[in-house]
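Each remark here refers to the structure printed beneath this line.
The values are calculated or read from the model by the stated rules, or taken from the named source; none is laboratory data. Predicted model only: the values in this text are computed from it and were never measured. Cβ sites come from the backbone with ideal geometry, for glycine too, and all protein chains shown count toward neighbours. Surface accessibility is based on the protein's heavy atoms, side chains included, excluding ligands, DNA and RNA. Shrake-Rupley method; radii C 1.70, N 1.55, O 1.52, S 1.80 Å.
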Amino acid sequence: MADPQIKWRKIKNDLFKGLVVFLSLLATLPLLLILFYILRQGFSSINWSFLTNLPKPVGESGGGISNAIVGTLIIVGTAAVMAIPLGVLAGIYLNEQRNSKVARYCDLAIDVLQGIPSIVIGIIIYEWVVRTMGGFSAFSGSAALALMMLPFIAKTTQETLKLVPNHLKEASLALGVPYYKTVLKVIVPAGLSGILSGAILGIARVIGETAPLLFTAFGNPFMSTELSKPMSSLPLVIFNYATSPYEDWHQLAWGASLILILIVLTLNMITKFIESRWKIQF
Amino acid sequence: MEDSVLKLKDFNAFFGENKVLKNINLDIEERKVWTILGPSGCGKTTLIRCINRMHEMTPGAHTSGQIFLKEKDIFGINPVLLRRKIGMVFQRPNPFPTMSIAHNVLAGYSLNGIKLSKNERNEIVETSLKDAALWDEVKDKLSQKGTFLSGGQQQRLCIARTLAMKPEVLLLDEATSALDPVSTAKIEELIFQLKNQYTILMVTHNMQQAARVSDKTAFLFLGELIEYNDTKEIFTNPRHKKTQDYITGRFG
Amino acid sequence: MNETLKLTDANWSKAISRKEKGFTITLWLVAISVIILVMAAFLTLLVQSIPSIKANGFSFIYGRMWNPITGEFGALPFLAGTLLTSFLALLIATPFSIAVALFLGEYYKKGMMSQLLKNMIDLLAAIPSVIYGFWGLFVLIPIVRKLQIALDIPPYGVGIFSASVILSIMIMPYAISLSRQVIQMMPSDLKEAAYALGATRFEVIRKVIFPHVLSGLFAGILLALGRALGETMAVTMLVGNTNALPDSIFAPGNTMASVIANEFTEATGAVYSAALVEIGLLLFVVVAIINLVGKRIIKHLAYT
Ligand SMILES: Nc1ncnc2c1ncn2[C@@H]1O[C@H](COP(=O)(O)OP(=O)(O)O)[C@@H](O)[C@H]1O
Ligand SMILES: [Mg+2]
């Protein structure tokens, strides 16, 4: 009487496990397909002139995306310079004054900021910066990306510092080290690997963002390094070329996608490396 | 007494509404070892954290009454400065995990941005580690991380780090309670040596330890200072019933 | 050195106090400015949408016509497009997400396989939206078109369905990490007790784990929904950009985010651009509420 029931329970158990494994493997299929496509299409379009030339008009061969590569580095670099210090300081505040009212509201604000859709960030920066400066600019693009990085960096800093044990802080204070030096020279260094990898991950997260750049950095077919002028960037180029009707441009877009993916993967790998190598044992 | 180093006068400490030290009056002489003895939770840690003004770092914590360091009201001294004059060793060893052994010893200087020449540095490291009875064990691995040492060695490293600042008073908060008997014995021996140079105020709930190393013992119970006297007196001839109950093991 | 500092060194003490105060105030100012930044963002959207709010009133939400030339601004097609794509995406992503979360959080907590799977899911999260859109255009759309021909419906390729499929892939890593988090929060003694009674793993998952983490899974799905609602680039590239109420899941449409992406730079006239900002405002508010509620639930779960 009990035997067939136990058997049936075992079968159900195995079936469910099979389903979990099957669905899990299926979930990785899109990734494999996407990587396969980008690698196959991308590699054939990457060569020296692709990396060093400017875009050419339709029909002319040999166009490149040098301006977009340079633009991405400038826009994202400027964003990082704005967002990292602010984000780290905000994270320090959230950790140090965790019971204060301001910290509670700041935490809330960061949660809201983190959720704002990237396209809406674009609108906000358009109203704040583009209107004020009187036109599209690389700087406004950086501001938009900075606004997206800020909450992420603040959160990772806060979470990292939360793990730094309080007795280190006390040890430092008891040695007669002022509070601000204790924070900057004991607490922050103890969490440095986490903060650093958070910052790099923050960069990796925004470097592929397109939506907030549509009405800020806007794009530019020429080489520009001026923050006050419109500037090209890899995601913008991918979007514009991918949605164009020209085969040549699609090829350029595959190449640009491969470059962008490689950059993102490298940044992700660096963070993994930092996290595993520099982990401090408390 | 003219050689009084530390003096508490009508001193109270609070956590919010909760009064954890009640009207403490105490007079601590130079170059003596004092023990604050009492059951867990009676306010020993709070007492020494008040003396170097770490108590007030806790949100909601405050004090009333006075504490004098060499006749000066400590609440009129910048706490940062005060803490350089009054060193503290915690219950759990807490070397800086990012620093080597040598850097841990010098932490009070480097974190404060005090510039030292190479000779000064070497000298401070050597004398402090020697004073802390750790030199022989670590002299060959000064550049290793302090966190690789054993618990007892780590605690002596913390003592060395504190001695390096040349404080006038040394506070030890159950500095041996997390350690094995051998390390405990080493640190007790060390305390005995150090009293030639420093005034030491140590906290323990371990009566044998108090009896072994201290000149004077104060008995603290539920935030009140029940009595204090020469250690021998306290253990052989306590005046108060509560003290007697405690040292005869009737509670705690 | 130390001896040179006297206990009453007033200048030194003052300098230190000043620096300490400066540091504390700097931190405080940063925190305050983050708060102000977010409030200002909300107010900016609100103020800039006033012309549209005044001109369109509530018809903005239920109006089916979006015609900038005649000055008619009914955003219902976009609201519908956003809700449709997001829910469809959730529907597709949820079973996969829970499966992977169980795989990583219950069946294979350690080992090569789970490390590999975890890294792959992380990778999936790292791929930029625009690349998903690009890939969708050239790989997914042809497949969908074949499917549509087989089903004998107009083979647009682009449309709500294609956008939803891509969207489901994009939100999966997020949903997985949240579900895994709540599954791992589950106290193991509860599970041990059930195993000790001879329950199979499936029974433990169904009768012990699921009931216990249900609210957490719900919060995870809610947060994934928040992601989906605001996702822009891939959807814009695949949804078909048609300003009409979609009449089937294969029909082309438009979402709130995609209409902003398409029309914001060319919007002429105060009401037109204000109408687009108003869509942004709606997105902002809805996503903010979803995020706060979802995070509140998860935080609550972590403490109990
Ligand atoms: N951070 C704190 N907040 C509130 N109350 C505290 C805190 N630390 C200690 N106390 C209370 O103060 C009293 C004295 O504690 P403590 O000085 O640590 O005792 P001891 O060191 O003698 O064990 C205890 O009743 C304890 O509950
Ligand atoms: Mg204590």
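Data overview
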read-out: Gyration tensor (Cα) of chain C, equivalent ellipsoid semi-axes in angstrom; value: 41, 35, 18
read-out: Given chain C, longest segment not containing exposed loop trypsin sites (Lys or Arg not before Pro) (DSSP; at most 14 other Cβ within 10 Å); value: C:111-304
read-out: Relative contact order, percent, segment A:63-277 [alpha-carbon distance under 8 Å, six or more residues apart]; value: 30
read-out: Contour excess over end-to-end distance, with Cα ends at A:Trp278 and A:Ile6 and 0.36 nm allotted per residue; value: 92.9 nm
read-out: Per-residue average of Cβ from other chains inside 10 Å of A:28-38; value: 6
read-out: Computed label-point distance, nm, for sites A:Met269 and C:Ile36 using a 7 Å Cα→Cβ extension; value: 4.4
read-out: 22 Å Cα-Cα threshold exceeded, pairs from B:Lys72/C:Lys14; A:Lys155/A:Lys185; A:Lys56/A:Lys229; value: none
read-out: Most to least accessible of C:Trp12, C:Trp135, C:Trp28 (protein chains only, probe 1.4 Å); value: C:Trp28, C:Trp12, C:Trp135
read-out: Near-label residues of segment B:68-103 by backbone N, under 16 Å of a point 7 Å along Cα→Cβ of A:Asn166; value: B:90-94
read-out: Viscosity 1.306 mPa s, temperature 10 °C, Stokes-Einstein D of chain B from Kirkwood C-alpha radius, µm²/s; value: 85
read-out: Accessible solvent surface per residue of the protein assembly as shown, calculated while the other protein chains remain in place, 1.4 angstrom probe, Å²; value: 44
read-out: Burial of 50 Å² or greater, segment C:268-304 residues [accessible area, probe 1.4 Å, versus chain by itself]; value: C:Phe284, C:Leu292, C:Lys295
read-out: Mean-position separation - Cα centroids, segment C:268-304 and segment B:181-223, in angstrom; value: 61
read-out: Cα centroid separation - segment A:77-93 against segment A:215-274, whole Å; value: 24
read-out: Cα→Cβ-extended label distance, 7 Å offset, between C:Thr24 and B:Lys130, nm; value: 4.2
read-out: Rule-of-thumb Rg ratio for the protein assembly as shown [Cα; 2.2 N^0.38 Å; N residues]; value: 1.17
read-out: Among C:Val144, C:Phe78, C:Ile221 - extreme Cα towards positive end, dipole of the protein assembly as shown, charges at beta-carbon; value: C:Ile221
read-out: C versus A: buried accessible surface, summed, Å² (probe 1.4 Å, to nearest 100); value: 6900
read-out: Sparse-neighbourhood loop sites, chymotrypsin sites (Phe, Trp or Tyr not before Pro) in segment B:88-148 - DSSP loop, at most 15 other Cβ within 10 angstrom; value: none
read-out: Relative contact order for segment C:36-118, counting Cα pairs under 8 Å that sit 6 or more residues apart, in percent; value: 14
read-out: Accessible-area composition of segment C:54-302, carbon plus sulfur, in percent [1.4 Å probe]; value: 66
read-out: Average other protein chain Cβ within 10 Å of Cβ, residues A:187-199; value: 1
read-out: Average beta-carbon neighbours from other chains, 10 Å sphere, peptide C:199-205; value: 5
read-out: Estimated FRET transfer efficiency (C:Ser248, A:Glu247; beta-carbon r; R0 30 Å; 0.05); value: 0.40
read-out: Per-residue [θ]222 nm for the protein assembly as shown (sum of -39500 (n - 2.57) over DSSP H runs n ≥ 4, rounded to 500); value: -19500 deg cm²/dmol
read-out: Percent carbon-and-sulfur accessible area, chain B, ignoring ligands, DNA and RNA, probe 1.4 Å; value: 47
read-out: Of C:Ser49, C:Ser258, C:Ser17, the one that fluctuates the most in a GNM where chain C has Cα springs shorter than 10 Å; value: C:Ser17
read-out: Residues in segment B:81-103 that, when all protein chains are in place, have 20 Å² or more less accessible area than the chain alone would give (probe 1.4 Å); value: B:Leu81, B:Arg83, B:Arg84, B:Lys85, B:Phe90, B:Arg92, B:Asn94, B:Phe96, B:Pro97, B:Thr98
read-out: Inverse of mean 1/r across different Cα pairs in segment B:105-195, Kirkwood, Å; value: 13.6
read-out: Counted charge near B:Lys139, where neighbours are those whose Cβ lies closer than 10 Å (Asp, Glu -1; Lys, Arg +1); value: -2
read-out: Euclidean distance of C-alpha centroids, segment C:13-35 and segment C:178-243, integer Å; value: 42
read-out: Mean Cα-pair separation over length for segment C:54-302, i.e. relative contact order, pairs under 8 Å, 6 or more apart, %; value: 28
